[in-house]
Structure formats: structure tokens, C-alpha cells
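Asker: Submitted below is the structure of interest, expressed as C-alpha cells.
The values are calculated or read from the model by the stated rules, or taken from the named source; none is laboratory data. Note that the structure is a prediction, hence the values are computed from the model and not measured. Here the Cβ is made from the backbone with ideal geometry for all residues, glycine too, and neighbour counts use every protein chain on show.
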Ligand SMILES: Cc1cc2nc3c(=O)[nH]c(=O)nc-3n(C[C@H](O)[C@H](O)[C@H](O)COP(=O)(O)O)c2cc1C
């Protein structure tokens with residue numbers, strides 16, 4: 001089964017390598033045309049019924065509020081991506097992460113900054129910016145626009161706390177990866193640079209009976225499944241770049257999902 005028609009494998013794979021979270025924005029420098037392209041992607045990239053992303057404009061200043069010290073303090077953004085899920089659906093969190101990260105990587109490809117924010121944003125303010133269907137909630141949000149050329153003081157401080165460039169060794173997130181097929185190793189490498197809340201990198205991958213299973217470590221309550229969904233999109237980009245065609249299948253907790261390849265030598 002090919003990927004979702006809006007899944008832009010080449011463009012998003014390139015974006016994986018350069019994406020980083022940005023929290024300081026220059027709204028005047030933001031090209032409205034790029035935001036339009038992004039909104040169109042968000043409106044079409046909906047692989048699951050229980051998750052979607054929406055681009056909103058003229059956001060109130062109190063949408064993003066740093067609550068834990070400077071973590072989450074966003075400045076200068078006037079547009080945002082809202083990551084919405086159906087709170088009644090058991091797999092909505094990972095679907096929301098997967099869908100939202102597609103839109104985030106499209107923003108990166110367009111040269112726009114983003115930063116997933118699941119803690120320090122106002123749920124009530126965000127709910128007033130979009131029409132929600134019954135059961136839907138805004139699970140997370142991201143500022144979007146032209147990021148300032150230089151990192152802000154807050155961002156420099158924050159990078160000491162959340163260490164965006166730090167990633168756990170591949171041996172930790174994908175033990176035994178040296179013996180995996182190329183597509184599985186490349187998937188894990190792409191997942192390794194995915195964003196996660198407080199840079200916890202809770203995802204763990206294992207190769208099992210020709211497929212790859214992802215789950216969150218026990219120490220990752222709250223956003224663990226959301227983080228896994230984000231990493232699933234990255235994994236799929238890496239796996240597909242090595243010719244793996246397949247699909248995600250839900251897995252029983254504590255696992256989250258399994259990448260089932262359709263056809264390749266195992
Ligand atoms: C689900 C999720 C929630 C996040 N929540 C916040 C947040 O509330 N505040 C914030 O400043 N950053 C937040 N982040 C951004 C992470 O801190 C960031 O992704 C991580 O430090 C890795 O840095 P990088 O994205 O630059 O690679 C979140 C990221 C994810 C994926």
C-alpha cells in the first residue's frame with residue numbers, strides 16, 4: 001500500500017535533517033503564501049479519522065505561556081498549528097503525533113519554524129480558534145512562521161535544559177539495530193532525531209518477525225504515545241527511503257504500533 005497521497009517522502013525526508021524547535025518568531029518576515037501552502041497540506045494530510053492539524057492565524061498572545069521557567073516561552077508568532085484529536089479514540093494520540101509531524105516537516109520544507117507544545121499552551125484559548133467536533137480536543141499546538149535569524153536568549157537558555165541536539169545512542173532506542181535489514185535501521189535513524197516532549201525520546205524500537213514494533217518506555221507518561229506517533233512518521237520516512245512499503249498496525253499496550261512491510265527480502 002503506498003503512503004497517504006499527501007505523504008511527501010522526499011521533501012519531508014530532507015526536512016528531518018534540518019528541523020529543530022524554534023520559539024522566537026518574526027511575524028513581519030513570514031510569507032503568507034507559505035502559510036497558505038501549509039494550511040493546504042494540513043487540510044489534505046489526514047491519514048486517520050481521529051486526528052487532524054489546522055493552521056490558524058492572528059493568535060492571541062496568551063495562547064502560548066511558558067509555565068515551567070522559560071520552557072515553552074514563545075515570542076513573536078502570529079500563526080499556529082493546532083494538533084487536534086478525538087479524545088474518545090484509543091489510538092488518537094499516536095495518530096495525532098504522526099499527522100502533526102507531517103505538517104511540521106512540511107513547514108520545515110517551506111522554511112518555516114515550528115515547536116510542538118503540549119504543556120505550556122492554553123487549551124481554552126486554543127479551543128476558541130477552531131471549530132471542534134464532539135469529542136475533539138486540541139492535544140498540542142505549535143507556533144509557525146519565520147523564526148528569528150538568531151536564537152533568542154530564552155532559546156539559548158532553554159537549549160541547556162532540553163538539549164535539542166542531544167539524542168540517545170541508536171543502541172538505546174533500537175537495540176540490536178546492526179543486525180536489522182537496511183530499511184529498519186534507516187527508520188530508527190530517522191526516528192532518533194524526532195522531537196519529543198522535554199526531549200525525553202521515550203520511543204523504543206525492536207525488530208520482530210520481519211516487522212518493527214514501537215513503544216514508549218514506562219517512564220514516559222502523558223505524551224508518550226504522542227511522541228511515538230511523531231517518531232512513527234520519521235521511522236516511515238527512513239524505512240521508505242530504503243524501499244520498505246508497508247503500513248502501521250496498532251499494537252497492544254505497552255507497545256504502540258508495528259510497521260508491517262508488504263514486500264521485500266527480510
Ligand atoms: C509532544 C511534544 C511536546 C512538547 N512540548 C513542549 C513544551 O510544552 N514547551 C516547549 O518549549 N517545547 C516543547 N516541546 C519541544 C521539545 O522540547 C523539543 O522537541 C526537544 O527538546 C528536542 O528539540 P528539537 O525539537 O529542537 O530537536 C515538545 C515537543 C513534543 C514532541
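Asker: Looking only at the stretch 244-262, decide whether some residue is surrounded by 17 or more Cβ atoms within 10 Å (Cβ to Cβ) and either within 11 Å of the ligand (Cβ to nearest atom) or in a helix (DSSP H, G or I) (or both).
Answerer: No, the conditions are met nowhere in the stretch 244-262.
Asker: Residues 223, 217: which one is touching a strand residue (DSSP E or B) at 6+ places or on another chain (Cβ under 9 Å), without any contact (Cβ under 8 Å) to a residue 24 or more places away in the chain and under 27 Å from residue 108 (Cβ atoms)?
Answerer: 217
Asker: Follow-up. Between 94, 49, 36, which is more than 12 Å from the ligand (Cβ to nearest atom), touching a residue at least 24 places away in the same chain (Cβ under 8 Å) and closer than 25 Å to residue 132 by Cα?
Answerer: Step by step, each of 94, 49, 36 is checked, and only 49 is more than 12 Å from the ligand (Cβ to nearest atom), touching a residue at least 24 places away in the same chain (Cβ under 8 Å) and closer than 25 Å to residue 132 by Cα.
Asker: Then there's this: Could you grab me the full set of residues in the stretch 1-27 that are over 20 Å from residue 194 (Cβ atoms) and touching a helix residue (DSSP H, G or I) at 6+ places or on another chain (Cβ under 8 Å)?
Answerer: Correct list: 5, 24.
Asker: Looking only at the stretch 107-127, count how many residues are within 21 Å of residue 92 (Cα to Cα) and either more than 14 Å from the ligand (Cβ to nearest atom) or not assigned by TED's automatic domain parsing to the domain that holds residue 31 (or both).
Answerer: Selection size over the stretch 107-127: 2.
Asker: Search the stretch 66-83 for residues being exposed (fewer than 15 other Cβ atoms within 10 Å of the Cβ) and farther than 14 Å from residue 155 by Cβ, and hand back the single one that is modelled with the highest pLDDT.
Answerer: 67
Asker: Also, quick follow-up: Those residues that are in contact (Cβ under 8 Å) with a residue 60 or more places away in the chain, under 16 Å from residue 239 (Cα atoms) and in contact with a strand residue (DSSP E or B) (Cβ under 9 Å, 6 or more places away or on another chain), I need them from the stretch 185-201; list them, please.
Answerer: Scanning the stretch 185-201 gives 187, 194.
Asker: Give the residue, chosen from 194, 247, that is farther than 24 Å from residue 23 by Cα and not assigned by TED's automatic domain parsing to the domain that holds residue 103.
Answerer: Being farther than 24 Å from residue 23 by Cα and not assigned by TED's automatic domain parsing to the domain that holds residue 103 holds for just one of 194, 247, which is 247.
Asker: Just the residues that are over 12 Å from residue 3 (Cβ atoms) and touching a helix residue (DSSP H, G or I) at 6+ places or on another chain (Cβ under 9 Å), please, taken from the stretch 239-252.
Answerer: The answer is 242, 243, 250.
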